[in-house]
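*Asks:* This structure is in structure tokens; I'll ask about it shortly.
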Amino acid sequence: MSLTIDSDIRYVKGVGEKRAQLFGKLGAGSVGALLRLYPRSYEDWSRPYSIAQAPFNEVCCVKATVAAPVKEHRIRAGMVLYRTQATDGESLLQITLFNNRFAASALQEGEAYLFYGKITGTARKREMSAPEIRRASVGQGIHPVYPQTQGLSTKMIEMAVGQAFRGLGDSLADPLPTPLRQAYSLCHLRYALENVHFPESYEALAIARQRLIFEELLTLQLGLLRLRMGTVVKTNLVLGKDESEPFFSLLPFSPTGAQRRAVEEAVRDMKSGKAMNRLLQGDVGSGKTAVAAALCYCAVKNGWQAAMMAPTEILAGQHYRSLSGLLAPAGVRVALLTGSTKAAEKRKIREALAAGEIGLLVGTHSLLQEEVRFSRLGLVVTDEQHRFGVEQRAVLAAKGEQVHMLVMSATPIPRTLALIIYGDLDISVLDELPPGRRQVQTLVMGTGKRERVYAFLKKEMDAGRQAYIVCPLVEEGDGGLTSAEQYAKTLKEGPFSAYSVGLLHGKLKPKQKEQVMAQFQEGSLSLLVATTVIEVGVDVPNATVMVIENAERFGLSQLHQLRGRVGRGKEQSYCILISDARNEAAVRRLKAMRSTSDGFRIADEDLKLRGPGDFFGQRQHGLPELRIADMAEDVEVLRSAQAAARGILQLDPSLSAPEHEGLRRAVEALFDSVGERGLN
């Protein structure tokens, strides 16, 4: 039967019901999905070596003729070897197969084959064990290697893809209009798919990949730009007067140029008659809170209310203290609402909020509760945006009408990735640190030097300063690492018995966490042993040393966030990474930490190391899964795709023109997983 791209994969010749279920596990339930199941790598069978020239101990392809019958050797129960010799007319190659009767019986004396495997033995007696084998008449070429699942080999997938192409015939429409392909020098979809699966040459493969990467990024950008069009809504909340200069005069320091620029961009949004939807991202200590405070001040002075939501009680409490310290003297009433707020206090806050008496409400997820009602909510700020889902942001925004939104992230994101993850937001970047900030000195030390590290900690604490020691675990039992609780006990009873040592981890009750942090902030604790719960929201200017145990266990951006807990005062600060790691990725992470304190450079390196899918976690963001594009490598293609997407939507915002039907279907398919954000 003839196939279409929508045909169920079970109708592809050689697949059937049972194998279709295995293809389903790979996300290839239809013919179209099978053709988009791109190879993860390739084997080069296109330029076979002679036996004598084949490189030792390297996987390569050799062309030779079977020169002797295959002999069976029973080694022991359950182990059978099959051996033969092959020749290219000049040299001999011994072929050994293990427990593979099928492959052995297929080898015919006098027939030419391609053998793909590793050459071993000596210069005079060459061998190849367990090679992949294809007939020389049909096997030469560049062969795909696919992501696999149990019961489905790469060869089976390759055969199914070949049958799918034969079943489709010429019925493969291209979603990219011809003028667009010509403008960006892109090949037809048929050529691209055939050559990504069965490349005629490496040049043809490069042409195919370029086309498919562009198409994927174009589809992604069209979806995100349409999202943004959907989030650009008119609002009656138009800022009448820019109050940022009066606010800046309240600050005990001069704002940086980047802070002024970010405030100007946001104020312009709030004056435009369209609801602001802006991401403010900056490195640790770049002054995001001051920018948020300026905008909250503007909102309240224009008769609105503002809300700031933080992911933890520690961070919410810190924001409350700094914002009320700045804004209360200027007549702005600030309140704090968290899970720990007592019932009577909660009731008072809710009543004052509904009456319009509170200008700024700071809190955690508690702000999302139905009983929390605003009189005239105009601005919503969410901090550490990657810790909140899109839905939570929307719930808070729904407490007002077409409110202005500012989302803040202290996790620097490479701009290309930010455009993808936060495609529905405008972006402001704080790329300057406030004056007077001293760079944190970062050192990497092995566990053998721990006593020296302890001596240095004591020296700092004897001088009246404080320190952190961060552990990756709370409980025993993971790879033999000492738990935070046990480590804190050992330090208290041993080397730091003369110092006040505290313990902070995620399993403590909120009240206990608050108590420990309060003790550390007021200086009654000299040393704080903690897990990554202190990654966000701990601001103790007197803390000058951050020791991170088993540093190889942390991601690069996480290490940078932890380092940002020190260097917040006037004294020189230090970050000491303790690790005996020797694996390449861990060494590279630690080297990057030592070489730069620039969060955006750290983020670029992290993106290269981990790839975009793992940068935050795709599913949390609703970021569609990219099958062939690579954000770290394909930046230039992304820029071209963005320009093309803008041009298309300028002429056809709904993608309803006949020539854009294929693109519209592709956008809808790619964004199926993020339907809750709405594309129409």
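*Asks:* Suppose accessible area is computed on protein heavy atoms with a 1.4 Å probe; arrange E264, E384, E43 from highest to lowest.
*Replies:* Details: E264 110, E384 5, E43 30 Å².
The most accessible residue leads, giving E264, E43, E384.
*Asks:* Relative to the present Cα-Cα distance, how much length would full extension add between F253 and Q402 at 0.36 nm per residue of separation?
*Replies:* 50.3 nm
*Asks:* Additional query: Sorting M309, M229 by accessible area (1.4 Å probe), largest first, what list results?
*Replies:* M229, M309
*Asks:* List the trypsin sites (Lys or Arg not before Pro) within the stretch 96-162 that DSSP assigns to loop and that have no more than 12 neighbouring Cβ atoms inside 10 Å.
*Replies:* Passing both the DSSP loop test and the Cβ count: R124, K125.
*Asks:* Another one. Using Cα-Cα distances under 8 Å and only pairs 6 or more residues apart, what relative contact order does the chain have, in percent?
*Replies:* 12 percent
*Asks:* What ranking of L503, L237 comes out by heavy-atom accessible area, probe 1.4 Å, highest first?
*Replies:* Highest to lowest solvent-accessible surface, that is L503, L237.
*Asks:* Which order do peptides 504-513, 343-352, 398-407, 4-13 fall in by mean Cβ count within 10 Å, highest first?
*Replies:* So the peptides 504-513, 343-352, 398-407, 4-13, ranked by packing, come out 398-407, 4-13, 504-513, 343-352.
*Asks:* Using 10 Å bins from zero, what percent of all Cα-Cα pairs in the stretch 285-399 falls into each bin?
*Replies:* 15, 52, 31, 2
*Asks:* Turning to a different aspect of this structure: Counting only protein heavy atoms and a 1.4 Å probe, tell me what percentage of the chain's accessible area is made up of carbon and sulfur.
*Replies:* C and S fraction of accessible area: 48 percent.
*Asks:* Please calculate how many Å² of accessible area the stretch 1-66 carries per residue, with a 1.4 Å probe and no DNA, RNA or ligand atoms counted. Walk me through the numbers before you get to the answer.
*Replies:* Numbers: 3530 Å² over 66 residues.
Counting only protein heavy atoms, the per-residue value for the stretch 1-66 is 54 Å².
*Asks:* Another question, then. So, by mean Cβ neighbours within 10 angstrom, what's the order for 297-307, 638-648, 177-187 with the highest one leading?
*Replies:* Descending mean neighbour count gives 297-307, 638-648, 177-187.
*Asks:* Kindly provide the Kirkwood hydrodynamic radius of the stretch 170-276 in Å, to one decimal, from all pairs of distinct alpha carbon atoms.
*Replies:* Kirkwood hydrodynamic radius for the stretch 170-276: 18.3 Å.
*Asks:* Pull up the DSSP beta bridges for the stretch 85-180 and report the antiparallel fraction as a percent, rounded to 5.
*Replies:* 75 percent
*Asks:* Grab the alpha carbons of the stretch 104-251, take their convex hull, and tell me the volume per residue in Å³.
*Replies:* 341 Å³
*Asks:* For the residue pair A352 and R228, what label-to-label distance in nm results when each label sits 7 Å from Cα along the Cα-to-beta-carbon direction?
*Replies:* Computed distance between label sites A352 and R228 equals 4.0 nm.
*Asks:* Also: I'd like the orientation of helix 510-522 relative to the chain: the angle between its Cα long axis and the longest Cα principal axis, in ° from 0 to 90, rounded to 10.
*Replies:* Helix 510-522 sits at roughly 70 degrees to that axis.
*Asks:* With every protein chain kept in place and ligands, DNA and RNA left out, what is the accessible area per residue of the stretch 482-541? Probe 1.4 Å, answer in Å². Present the calculation step by step, with values, prior to reporting the outcome.
*Replies:* On the way: 2670 Å² over 60 residues.
Per residue, the stretch 482-541 has an accessible area of 44 Å².
*Asks:* With charges set only on the Cβ (+1 for Lys and Arg, -1 for Asp and Glu), what does the dipole of the stretch 487-595 come to about its Cα centre, in debye to the nearest 20?
*Replies:* 220 debye
*Asks:* If you fit an axis through the alpha-carbon atoms of helix 154-168 and take the longest principal axis of the Cα set of the chain, what angle between them do you get, 0 to 90°, nearest 10?
*Replies:* 80 degrees
*Asks:* Same structure, new question: Using a 1.4 angstrom probe and counting only protein chains, how large is the accessible area of V59 in Å², to 10?
*Replies:* 90 Å²
*Asks:* Using per-residue counts of other Cβ atoms within 10 Å, averaged over each peptide, order 267-279, 138-150 from highest down.
*Replies:* The packing order, highest mean first, is 267-279, 138-150.
*Asks:* Please give the length that would be gained between K125 and A173 if that part of the chain were fully extended, namely 0.36 nm times their separation in residues minus their C-alpha to C-alpha distance (nm, one decimal).
*Replies:* Going from the current span to full extension adds 11.9 nm.
*Asks:* Going 7 Å from the Cα of Y49 toward and past its Cβ, which residues in the stretch 90-105 have a backbone nitrogen under 20 Å from where you end up?
*Replies:* 90-97
*Asks:* Dividing the Cα convex hull volume of the chain by residue count, how many Å³ per residue is that?
*Replies:* Output value, Cα hull per residue: 211 Å³.
The values are calculated or read from the model by the stated rules, or taken from the named source; none is laboratory data. Computed from a prediction, not measured in an experiment: that's the story for all the values here. Glycine gets a Cβ as well: all are built from the backbone with ideal geometry, and neighbour counts include every protein chain shown. Heavy atoms of the whole protein, side chains included, go into the accessibility calculation; ligands, DNA and RNA do not. Shrake-Rupley method; radii C 1.70, N 1.55, O 1.52, S 1.80 Å.
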